[in-house]
1. Report, in deg cm²/dmol and to the nearest 500, the calculated mean residue ellipticity at 222 nm for chain B, where each DSSP H run with n ≥ 4 adds -39500 (n - 2.57) and the sum is divided by the residue count.
2. Along the charge dipole of segment A:19-99, Cβ charges K/R +1 and D/E -1, which of A:Leu67, A:Asn97, A:Asn51 sits furthest on the positive end?
3. When all alpha-carbon pairs of segment B:77-221 are counted, what percent fall beyond 23 Å?
4. Summing Lys, Arg as +1 and Asp, Glu as -1, what charge do residues with Cβ under 9 Å from the Cβ of B:Lys110 carry, B:Lys110 excluded?
5. With just the Cα atoms of segment B:246-373, tell me how far they stretch along each of the three principal axes, in Å, largest first.
6. Under the rule of at least 5 residues apart or a separate chain, name every residue whose amide H is placed under 5 Å from the amide H of A:Lys72.
7. Bin by bin, in steps of 20 Å, what percent of the Cα pairs in the protein assembly as shown do you find, going until the bin that has the longest distance?
8. If the elastic network links every pair of Cα atoms under 10 Å, which of B:His260, B:His31, B:His229 fluctuates the most in the Gaussian network model of chain B?
Amino acid sequence: MQASICNCGKIVILGRKKCPNCGKTMSSIEIENDALVLTYTTLYTVPEGFNTPIFLALVELEQGAKLLCECKNENDLEIGRKGKIVFENEKYYFVGNKD
Amino acid sequence: MPKVYISSVGITKFGRRKESLQTLMYEAYSHAVSSQKPDFDAVFVGCMNPDEFVGDSNFATLIVDHLGLYQIPSVRIDNAPASGSAAFEQAFFSVASGHYEKVLVLAGEKMTNLPTIITTRILSKLIDKYERSTGATMPALAALVTRRYMHDYGLSREELALAAVKNHHNGTLNPYAQFQKEITVEEVLKSKIISDPLRLYDCASISDGACSVILTSSKTDVKVTGIGHATDFLSLQYRDSLTSFNATKVAAKRAYEMSHRQPKDIDVAEVHDAFTILEIVNPEDLGFFKPGAGIAALVDGKTGLNGGLPINTSGGLKARGHPVGATGLAQICEIVWQLRGEAGKRQVSANIGLCHNIGGFVNNNIVTILESC
């Protein structure tokens, strides 16, 4: 998946031109979609237009890049869980690896 | 540089109020200005979002018109839920520069008039656009931090609930607090689940209220000795740590340097406990306790009214209520009362106090240090 990286070392997911850390121009790079769950929540009081509940995971990818995304399966909500990021219906999802 | 002092403060009772925002600000103003001439050089108004909450813009003019402060310069400052302290900060610099001698700071918000789902939508706009496209709300981001903190430092759900229990106890002693009722750990754990592991009683309330503070270059008994302000990345996913916040650490460092004080010098503090986890993380980031030691400080009562470092004597955002734009200035009011010995049943012994106000999801933070003199 696409990430942006800067000479200062900052790496962020989703393309952006200017580094949020130092303001210099970032380069676009492709990173693997392997991901590790850092933390998670099940959100019950959801904003307008969303169905309850939402499974949210904050995951870490290559080089420390992080991504907040939805999780398809509640059983994948576990700190340290390994899996992959998939892109479907204009959204990123974390899907845990099969044990 | 001229020194800056606080001459008086005023606050309204927080909670579900039927009055308009300008009426609430007038009430807070009346308390502060009672025995003084309203000869202000300028007015600074902290208010996050009157456009969406009450349907008024140009609020800086509206409020001086409402107060009868004809021709006095007035500006509104929106700095997310740190609007109150940001207005205070800008007012401070205007006096410290020598340009003004006496200025009025007002801060307030009216939020309870809208359905909760609309209020939630307005507050969610504080979050990065991508992150909120996932459905993430402010409580969801706080829940992510809470989960990771529990994992890293062994915080239990029951220990976390003590933050709400402590601040509700303090709220029972504050006549201006929205909630003046004790709660128990069991009640916290049985309250409605919002974003696992956070429940309703882990979250600060939607509230109405207003505050006012008068700053002056003429000596009084309370001096503003330090103000530090720092930002962080808008996105939580851009940050290195999920259990500590750089915007607090840097803002605190700047405030300590300016006041020539250290964390150990602080006698009392108001910290931004919009969610219970922040009652533990903020004191760590402010340098009061090492990472992870905020748990024991809470559990052992160190941050209670009779502890070595009382925190949120007012009841904090949790029990005093959190009308977003008002909160930062409400913290200043509480510390002034504590330094003057005017805090009633929640009075602690204090000569130096600190306020810590968060904007956004912990990415635009202001730390202020006030001292008796």
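1. Helix contribution divided over all residues of chain B: -11000 deg cm²/dmol.
2. A:Leu67
3. Result: 54 percent of Cα pairs exceed 23 Å.
4. After counting each charged neighbour, the total is -2.
5. 33, 32, 31
6. Sorted by chain and number, the residues that satisfy this are A:Phe94.
7. The distribution over the protein assembly as shown is 26, 56, 18, 0, given as percents.
8. Its mean-square fluctuation being the largest, the pick is B:His260.
Just so you know, all these numbers are worked out from the coordinates, no wet-lab data involved. Here the structure is a predicted model, which means the values were calculated and not measured. We place every Cβ from the backbone using ideal geometry, glycine too, and count neighbours over all the protein chains shown.
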